[in-house]
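Working notes for the structure below.
The values are calculated or read from the model by the stated rules, or taken from the named source; none is laboratory data. Model, not experiment: these values are computed from the prediction. Note that we place each Cβ from the backbone using ideal geometry, even for glycine, and neighbour counts take in every protein chain shown. Surface accessibility is based on the protein's heavy atoms, side chains included, excluding ligands, DNA and RNA. Shrake-Rupley method; radii C 1.70, N 1.55, O 1.52, S 1.80 Å.
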Amino acid sequence: MAQPIRFANQGSASNQRYSEVSRQPLYILVFLLPLILFYEFALYSTNKNIQIKAHDHLVRFFEQFDMPPTRGLWLGGIAILTILFLWHIFTGNRWTVKLKFIMFMGIESVACAIPLLLFGAVLGGLTAAASTSPIADLTGFDKIAVSIGAGLYEELVFRMLVIAVIHTVVCNVFKQSDLTGLTVGVLVSAILFALYHDLPNAGSLQALELFFYSTAGIYLGILYVTRGFGIVAATHAVYDVVATTLLATLAQ
């Protein structure tokens, strides 16, 4: 029988480095759990219209199996938690979480969001995004909720799933190196990420905005490959929270 998760500041895992454990599924699960619960609660209790496209696609996928729509709202979060939990089981890592590493993951995510915020500000991407997005009309609570949801589910789809599929095809089918597989995966996911933001009205984004989303996709892809799903999802969420809040302030 598996041991319960034990939160500790010292113990048998004390010799593990932060750079290693922050990429482990159990740490990612514990780190992202508050964000997942917050978004799913907001989605269910306040306004289902805040649901982002990536999450909506997951819900529609589950509804293909005759899943009730209301229950389907929760299945995106359950999917992330299930993936991370099963990943942890298969890796056989310790059931120990050091809280200071969880705190460090939060600090790192904020730090990693700063270059993206600066890049967006330089290109004027923040202002452009606010003026064309329905997010600008949401309440402050809903803006935070949809920003967190974007970080979680867009990274699940475009980084974890797309990069994994592309990497598998390039390496196993075309017999290329691991580095080649990851590079192609990052580039393809970045292109799809940019096109995704141009939907449902294709051609609605300006060239500068597409450039921003493509570059941001490459940055997030590299961050995913080097630092893992937890850091990239939180970084994306931090960027979106700050961007939507900043835009709302500037628009007043």
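Annotations for the structure displayed:
- Criterion: of a type in the set (F, W, Y), modelled with pLDDT of 95 or more, assigned to a helix (DSSP H, G or I) and open to solvent by 50 Å² or more (accessible area, probe 1.4 Å) - qualifying residue of F101, F119, F90: F90
- Residue satisfying all of: in region 157-199; among the charged types (D, E, K, R) and in a loop (DSSP other than H, G, I, E, B); surrounded by the most Cβ atoms within 10 Å (Cβ to Cβ) among these: D198
- Among the residues of region 125-156, those that are open to solvent by 40 Å² or more (accessible area, probe 1.4 Å) and either in a helix (DSSP H, G or I) or modelled with pLDDT of 85 or more (or both) comprise T127, S131, T132, P134, I135, A136, D137, G140, F141, I144.
- Exactly one residue out of G221, G203, G217 is free of Cβ contacts under 8 Å to residues at least 60 places away in the same chain and surrounded by 24 or more Cβ atoms within 10 Å (Cβ to Cβ): that is G217.
- The single condition among (1) more than 26 Å from A79 (Cα to Cα); (2) part of a helix (DSSP H, G or I) that A202 does not meet is (2).
Okay, residues lined up against (1) over 16 Å from L99 (Cβ atoms); (2) at pLDDT 90 or above:
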position	(1), (2)
N15	yes, no
V21	no, yes
P25	yes, yes
L33	no, yes
